[in-house]
Amino acid sequence: MNHLSTPISSGLWQALQSRAERTHEPVAHIVSRALADYLQVAHHTLYQVSTSTALVEGIYQGAVTVGTLRQHGDLGLGTFENLDGEMVVVDGEVFQVRCDGTVRKCEDSMLAPFAVVTPFEPEASVSLESCLDLGAVTSRFDQLRTSDNLFFALRVDGHFDSVRTRVVCKTHNGVPLVQAAAVQPEFEFHDIKGTLVGFWTPEYAKTVNIPGYHLHFISDDRKSGGHLLQCRGTNLRLQIQSEGDFHVALPETEDFLKADLRRDPTGDLATAEGEKK
């Protein structure tokens with residue numbers, strides 16, 4: 001990592017400090033983004049609200065608005081206050097998939113206890129002619145990933161022969177994720193066009209985010225979606241982007257500040273997020 005030291009005017013410094021206090025962004029992050037914009041150089045930042053461990057422990061209070069998420073990225077996923085459904089962020093729009101299967105476009109005022117977004121400008125794009133299952137998608141992404149130590153943003157577009165999803169249902173704050181996710185409605189769609197969005201997270205970051213692949217689905221007509229469990233299709237377009245910066249906005253709620261977040265969340269995340277056998 002290179003370091004830059006340069007004098008700036010007092011007015012610019014005050015504006016920089018004001019922005020940092022208002023948005024809770026590190027000064028270095030603001031300066032890097034400003035330079036990248038001015039020099040027209042891609043600077044991909046993964047912006048995350050809260051941590052996977054906090055989610056496992058049942059901290060579902062809204063921490064950041066949908067409007068704030070849209071300022072930080074146009075692709076991503078997450079959930080909503082009180083675990084009310086699955087979030088899908090695609091092309092700058094944010095959608096809520098609820099446990100009754102309905103999908104609605106979100107207002108900027110809606111709150112999220114956990115979410116991950118990024119400005120998506122893919123570095124590689126390939127076609128997957130035959131996709132027999134989700135494993136074919138992840139295997140192809142494995143070939144595209146340049147490191148096991150970076151975060152990667154992912155997108156898949158195309159026609160799916162079948163897609164199976166599940167959606168978490170609204171619950172009370174404080175209910176552990178494994179308990180809240182014990183009963184989740186599943187949905188199966190056939191002959192459907194849509195998009196998968198999500199991320200690959202390194203194993204070392206398992207207390208912060210969900211390790212490995214995490215994908216959500218939404219149909220082109222914006223009527224179907226959810227957390228992806230399985231899929232099958234042909235001629236799918238896969239796109240990938242490595243993340244050069246990682247910013248976590250930690251909640252300042254009383255529940256988060258007083259929670260015991262020392263427990264390894266890996267097992268609970270696998271139970272809650274994975275495909276039921």
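The values are calculated or read from the model by the stated rules, or taken from the named source; none is laboratory data. The structure displayed is predicted, hence computed values, not measured ones. So basically every Cβ, Gly included, is an ideal-geometry build from the backbone, and we count neighbours across all protein chains shown. When the accessible area is computed, the model is the full protein with side chains, heavy atoms only, and any ligands, DNA or RNA have been set aside. Shrake-Rupley method; radii C 1.70, N 1.55, O 1.52, S 1.80 Å.
Mind listing just one residue for me: the one in segment 177-192 that is open to solvent by less than 60 Å² (accessible area, probe 1.4 Å) and of a type outside the set (A, V, I, L, M) and, of those, farthest from E57 (Cα to Cα)? Per the stated criteria, the residue is F189. Is it true that A36 is without any contact (Cβ under 8 Å) to a residue 24 or more places away in the chain and either surrounded by 15 or more Cβ atoms within 10 Å (Cβ to Cβ) or outside any helix (DSSP H, G or I) (or both)? Against the criterion (without any contact (Cβ under 8 Å) to a residue 24 or more places away in the chain and either surrounded by 15 or more Cβ atoms within 10 Å (Cβ to Cβ) or outside any helix (DSSP H, G or I) (or both)), A36 qualifies. Scan segment 86-109 for residues that are of a type in the set (A, V, I, L, M, F, W, C) and over 18 Å from the mean Cα position of the chain (by Cα) and jot them down. C99 - this is the single residue of segment 86-109 that is of a type in the set (A, V, I, L, M, F, W, C) and over 18 Å from the mean Cα position of the chain (by Cα). Being of a type in the set (K, R), surrounded by fewer than 21 Cβ atoms within 10 Å (Cβ to Cβ), more than 18 Å from H227 (Cα to Cα) and in contact (Cβ under 8 Å) with a residue 12 or more places away in the chain is a property that R70 has.
Please enumerate the residues belonging to segment 264-277 that are open to solvent by less than 10 Å² (accessible area, probe 1.4 Å) and part of a loop (DSSP other than H, G, I, E, B). Within segment 264-277, P265 is the sole residue that qualifies.
Being outside any loop (DSSP other than H, G, I, E, B) and open to solvent by 10 Å² or more (accessible area, probe 1.4 Å) is the requirement here; does A54 meet it? It is false that A54 is outside any loop (DSSP other than H, G, I, E, B) and open to solvent by 10 Å² or more (accessible area, probe 1.4 Å). In segment 74-82 there is at least one residue matching the filter, namely being at pLDDT 95 or above and in a loop (DSSP other than H, G, I, E, B). In summary, A115 fulfils each of the numbered conditions (1) small (G, A, S); (2) surrounded by fewer than 16 Cβ atoms within 10 Å (Cβ to Cβ); (3) at pLDDT 95 or above with the single exception of condition (2). Looking at G158, G101, G135, just one residue is out of contact with any strand residue (DSSP E or B) (no Cβ under 8 Å at 6 or more places or on another chain) and open to solvent by 10 Å² or more (accessible area, probe 1.4 Å), and that residue is G135. Each residue in segment 209-263 was checked for being modelled with pLDDT under 90, open to solvent by less than 70 Å² (accessible area, probe 1.4 Å), of a type in the set (D, E) and part of a loop (DSSP other than H, G, I, E, B), and 0 of them qualify.
In the set (1) under 18 Å from V64 (Cα atoms); (2) open to solvent by less than 40 Å² (accessible area, probe 1.4 Å); (3) not charged (D, E, K, R), the condition left unmet by S109 is number (2). Looking across segment 112-135, the residues that are under 30 Å from Q61 (Cα atoms) and part of a strand (DSSP E or B) come down to A112, A115, V116, V117, T118. Among the conditions (1) modelled with pLDDT of 95 or more; (2) part of a loop (DSSP other than H, G, I, E, B), the only one that H43 does not satisfy is (1).
The condition of being open to solvent by less than 20 Å² (accessible area, probe 1.4 Å), within 28 Å of Q71 (Cβ to Cβ) and not in a strand (DSSP E or B) does not hold for V197.
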